[in-house]
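In what follows, a single structure is set out as structure tokens and then discussed.
The values are calculated or read from the model by the stated rules, or taken from the named source; none is laboratory data. All figures in this text were calculated on a predicted structure; none of them were measured in a lab. Every residue, glycine as well, gets a Cβ built from its backbone with ideal geometry; the counts of neighbours run over all protein chains shown. Side chains included, ligands, DNA and RNA excluded: accessible areas come from the protein's heavy atoms. Shrake-Rupley method; radii C 1.70, N 1.55, O 1.52, S 1.80 Å.
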Amino acid sequence: MQKVRSVNFRLIGNLKCRNSEWNRVSPRLYSTKKNVIALFDAKPFDYKYMDELSEKFKELNYEIQYIPARLLPETVSLAQNAKIVVPMVNDKLDQQVIERLKSYGTEMIAIKAAGFNNVDLQTCDRIGISVTRVPAYSPYAVAELAITLIMSLNRKIPQTYNKTKIGDFRLTNAMIGFDMHGKTVGVIGTGKIGKIMCNILQGFGCKVLGYDLWKDKELLQRPNFKYVELDELYARSDIISLHSPLLPSTEHLINKNAISKMKKGVMIINTSRGGLIDTHDLIDGLKEGKVGYAGLDVYEGEGEYFFNNWSEQVINDDVLSRLLSFNNVIVTSHQAFYTHEALQNIFQTTLANITEFANGKRMDQLTNSLNFMNKK
């Protein structure tokens, strides 16, 4: 059976459809053109924004093949004949997957995100696969969602919405929030997103404490902003927002020990990477009342669930189910990047990365390369 999604790609195989989306594809791709871009874990926004750039890819003599499956050891065979692979944030590009991609003729991995913790870069360097990313798309989008989570938790917006929908307009003690003005907020990671977060918080009149290995010179000059060590940030902050990449040094940065140093009733916000938080320890903190609120756009075990519809199935992840059961926790579906401006930037930058590759640049010659990072 042949399923044609747009004029610039073809996908052949047994396709199981549900809710107008593909859930499975056959274990082999066939292409009519020499240069193939295999885009894994394809979602509706991929079709929309990549198709808008289809003529540009045609000019480069590339066709796009959209693959609904995540890129995993079990699905890597779908990339046969693909010169370039475009993975999603929850795909798993470990040594096994990357070596098989190499055997299929893949020469480039074009990550359409800023994070790269799911890619074995050392193996890519060793066997000569170019890797690029989108280092910045719309930092405003991510920071603004972090603020949205803070205000929604503070002012009990989900609970109020549910009450008023059924005609209950009473003001209860459980709905009482707090003024943001004068509160102390800790921002861990003051790169592009973290810096914008600091700007917005200062607009509320907050005192902002920052932590980062690299100090931003402009932030250092700001009133009501100060860089501090993590222990001080934990001890003084009413709200803590995470804007750090996921690295071996930052994995489970928020754990039982860190939570023990925080104020009782602290609010924790994570719009960065799920692995920054030890979720079991966070749940313990919520149960004990040490953590008063949590706003999570990411979750360390999200791979199987986020970006997919589980409303008609049982969620077998007991940790995620427990998080969803708290009335002082908001979990969103890894959507901080999901604005028109951010998506345009993501796909335009991905096109620029592939264009450089098509024009002959390789490895660390590419502008947004992740190759040989330890030498940079």
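Tabulated results
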| read-out | value |
| --- | --- |
| Subset of segment 239-255 [in contact with a Gly (Cβ under 8 Å, 6 or more places away or on another chain) and either under 18 Å from Met197 (Cα atoms) or open to solvent by 50 Å² or more (accessible area, probe 1.4 Å) (or both)] | Ile239, Ile240, Ser241, Leu242, His243, Ser244, Pro245, Glu251, His252 |
| Check on Pro223, out of contact with any Pro (no Cβ under 8 Å at 6 or more places or on another chain), loosely packed, with under 14 Cβ neighbours inside 10 Å and in a loop (DSSP other than H, G, I, E, B) | yes |
| Every residue from segment 258-301 that is touching a residue at least 40 places away in the same chain (Cβ under 8 Å) and not aliphatic (A, V, I, L, M) | Thr271, Ser272, Arg273, Gly275, Thr279, Tyr293, Gly295, Asp297 |
| Residue pairs meeting the criteria (Cβ under 7 Å; at least 6 apart or on separate chains; first closer than 19 Å to Met197 by Cβ, in segment 147-173; second open to solvent by 30 Å² or more (accessible area, probe 1.4 Å) and assigned to a helix (DSSP H, G or I)) | Ile147/Ile200; Ser152/Pro158 |
| Checking Gly186 against (1) farther than 25 Å from Ala235 by Cα; (2) open to solvent by less than 30 Å² (accessible area, probe 1.4 Å); (3) not charged (D, E, K, R), the condition it does not meet | (1) |
| For Tyr140: the one exception among (1) at pLDDT below 95; (2) in contact with a helix residue (DSSP H, G or I) (Cβ under 9 Å, 6 or more places away or on another chain) | (1) |
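Conditions tested, residue by residue: (1) within 23 Å of the chain's Cα centre (by Cα); (2) assigned to a strand (DSSP E or B); (3) farther than 30 Å from Leu121 by Cα; (4) acidic (Asp, Glu).
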position	(1), (2), (3), (4)
Leu209	no, yes, yes, no
Leu213	yes, no, no, no
Pro248	yes, no, no, no
Asn257	no, no, yes, no
Ile268	yes, yes, yes, no
Gly275	yes, no, no, no
Leu286	no, no, yes, no
Tyr293	yes, yes, yes, no
